[in-house]
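Novice: If you scroll down you'll find the structure; I have some questions about it.
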Amino acid sequence: MFSRAEERRELSRLIEQGRSVLLLGPRRVGKTWLRAQVAADLRGKGWTTVLCDVEGMSEEVQFLRHLCQTIEKGDGVRGKLEGRIRQWLNQLFSKDKDVGWQQALLQIDWVSFLQTLVEGMDQRGHKTLILVDELSLFIAARASGTQDGAKGFLYQMRALDAQHKNVRWLFSGSIGLDIIARSQGIDGALVELHRFMLQPFDRLAARAFLDHLSNNGEVPRPFSLDAAAFKHLIAELGWLSPYDLENLAREVRPGGRPGGTGHPLASIRDIDTAFMALLSPERRYCFATWEEYLKKNFNSEDKAALHAILDACARKAEGERFDTLLAVLSRPPHGLTLRRVRDLLTTLEPAGFLSESGEGDERNYRFRSGLLRRYWLHRDGE
């Protein structure tokens, strides 16, 4: 139930049919894990797979140097492309044959090189999947310098995808590339990508995952849950991400008698104690990526406004109405317009912080994760 078998099959099917994919989903639902599993599944079918992480990069030459090195070291590729790359560099730029391709890469035209590299992989006649993580952060960094730079790069990637069918792409990241492209008015560059949305676990998958952790010794104190304790855990957690479930399970100290699985039963009180342990200062690292997301991707003014939104929504389990949030953010020190408040809320929703319900003036925003809400309140009170 928790192995994402259906999602893995569907993603593999799309790629084998010649589609490139934009893997979307809020934070901490398992996109990185799923991406690695799909790569393994396709390697088992004879594909070459190349995993490339471009977080922290803002220049094309950085991206291409990393991509080229990753391809050269990739499964089924090592030793097969270096000679070709050297030949392509010589043809393109008439460089000395003794110059290494990595050194030459620093001086070449990135558009021509990317075209040549992918064309060469395509002409091998061998199916290749290039998985690029955090491309959205790279595009956001490019857009912060010049919108034309981000637009040109995305449209170049679109052209490569259309022209070289033996090379497929899977893009993923901690913030949706579609959100970044839409905010920059360049989402037309993504129209050929198949959007695949990954959701958190449902109740059945969450239960199976917790049982798996205990039955396979992946938590320090294996436990069982009766129906009441499991219902309480689900209600308090709310957001059934694999990451949160596993972190919580590691803190459970069951005090009951053995249940049907042979493990001690964890009571509702044991679940509440686990929540408190996870929110202790020494466990703050479990929430670090949420703070880092705001710190890395927004300027100081936007970050302050996002903190104000999250502070307001955290005060009540049911969240806060849009009109209340607008009233708070339209006043000093923020002074935001209606449009800007909507844009910020639109950013927080796909990133996994908030969920939206209702329509018009009745719209309401609440924390997706009860655990993250508890953390945010605790953090705010320090």
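The values are calculated or read from the model by the stated rules, or taken from the named source; none is laboratory data. Just so it is clear, the model here is predicted, and its values are computed rather than measured. Note: ideal-geometry Cβ built from the backbone for every residue, glycine included; neighbour counts use all protein chains shown.
Novice: Can you pull out the residues in the stretch 32-65 that are in contact with a Leu (Cβ under 8 Å, 6 or more places away or on another chain) and either modelled with pLDDT of 90 or more or closer than 22 Å to Arg9 by Cβ (or both)?
Specialist: Passing the criteria: Leu34, Arg35, Ala36, Val38, Ala39, Leu42, Trp47, Thr48, Thr49, Val50, Leu51.
Novice: When the stretch 5-22 is examined, which residues are found to be free of Cβ contacts under 8 Å to residues at least 40 places away in the same chain and in a loop (DSSP other than H, G, I, E, B)?
Specialist: The answer is Gln17, and nothing else.
Novice: So is Asp75 on the phi < 0 side of the Ramachandran plot, among the acidic types (Asp, Glu) and at pLDDT below 90 or not?
Specialist: yes
Novice: Six or more apart or on different chains, Cβ under 8 Å: which pairs go from a residue in the stretch 197-224 that's touching a residue at least 60 places away in the same chain (Cβ under 8 Å) to one that's among the polar types (S, T, N, Q)? Could you list them?
Specialist: Pro200/Ser241; Phe201/Ser241
Novice: Same structure, new question: Is there any pair with a first residue in the stretch 118-133 that is acidic (Asp, Glu) and a second that is loosely packed, with under 15 Cβ neighbours inside 10 Å whose Cβ atoms are under 6 Å apart and which are 6 or more apart or on different chains, and what are they?
Specialist: So the pair list comes out empty.
Novice: Would you tally the residues in the stretch 191-204 being surrounded by fewer than 19 Cβ atoms within 10 Å (Cβ to Cβ) and either within 20 Å of the chain's Cα centre (by Cα) or over 23 Å from Arg368 (Cα atoms) (or both)?
Specialist: Within the stretch 191-204, residues that are surrounded by fewer than 19 Cβ atoms within 10 Å (Cβ to Cβ) and either within 20 Å of the chain's Cα centre (by Cα) or over 23 Å from Arg368 (Cα atoms) (or both) number 8.
Novice: Name the one entry in Gly255, Gly260 that is assigned to a loop (DSSP other than H, G, I, E, B), more than 27 Å from Glu349 (Cα to Cα) and at pLDDT below 90. Working first, answer last.
Specialist: Values: Gly255 fails: at pLDDT below 90.
None of the others qualify; the one that does is Gly260.
Novice: Please enumerate the residues belonging to the stretch 225-252 that are in contact (Cβ under 8 Å) with a residue 60 or more places away in the chain and in a loop (DSSP other than H, G, I, E, B).
Specialist: Selection gives Gly238, Trp239, Ser241.
Novice: Any idea how many residues of the stretch 324-382 are under 28 Å from Ile234 (Cα atoms) and either of a type in the set (Lys, Arg) or over 25 Å from the mean Cα position of the chain (by Cα) (or both)?
Specialist: Result for the stretch 324-382: 14.
Novice: Can you pull out the residues in the stretch 206-222 that are part of a helix (DSSP H, G or I) and crowded, with 18+ Cβ neighbours inside 10 Å?
Specialist: Selection gives Ala206, Arg207, Phe209, Leu210, Asp211, Leu213, Ser214.
Novice: Against the condition at pLDDT below 90 and under 19 Å from Leu135 (Cβ atoms), how does Gly83 come out, does it pass?
Specialist: Here the answer is no, as Gly83 does not meet what is asked.
Novice: Follow-up. Which of the following residues is exposed (fewer than 15 other Cβ atoms within 10 Å of the Cβ) and over 17 Å from Leu371 (Cβ atoms): Pro258, Pro254, Pro264?
Specialist: Exactly one of Pro258, Pro254, Pro264 is exposed (fewer than 15 other Cβ atoms within 10 Å of the Cβ) and over 17 Å from Leu371 (Cβ atoms), namely Pro258.
Novice: Just the residues that are in a loop (DSSP other than H, G, I, E, B) and either within 19 Å of Ala351 (Cα to Cα) or in contact (Cβ under 8 Å) with a residue 24 or more places away in the chain (or both), please, taken from the stretch 264-290. Before you say what the answer is, go through the steps one by one.
Specialist: Pass one, the stretch 264-290, residues in a loop (DSSP other than H, G, I, E, B): 267, 279-280.
Correct list: Ser267, Leu279.
Novice: Follow-up. For Gln156, indicate whether it is farther than 26 Å from Gln37 by Cα, at pLDDT below 95, out of contact with any Asp or Glu (no Cβ under 8 Å at 6 or more places or on another chain) and not basic (Lys, Arg).
Specialist: yes
Novice: From the list Leu225, Leu278, which residue is surrounded by 19 or more Cβ atoms within 10 Å (Cβ to Cβ) and either of a type in the set (Lys, Arg) or more than 23 Å from the chain's Cα centre (by Cα) (or both)?
Specialist: So the residue among Leu225, Leu278 that is surrounded by 19 or more Cβ atoms within 10 Å (Cβ to Cβ) and either of a type in the set (Lys, Arg) or more than 23 Å from the chain's Cα centre (by Cα) (or both) is Leu225.
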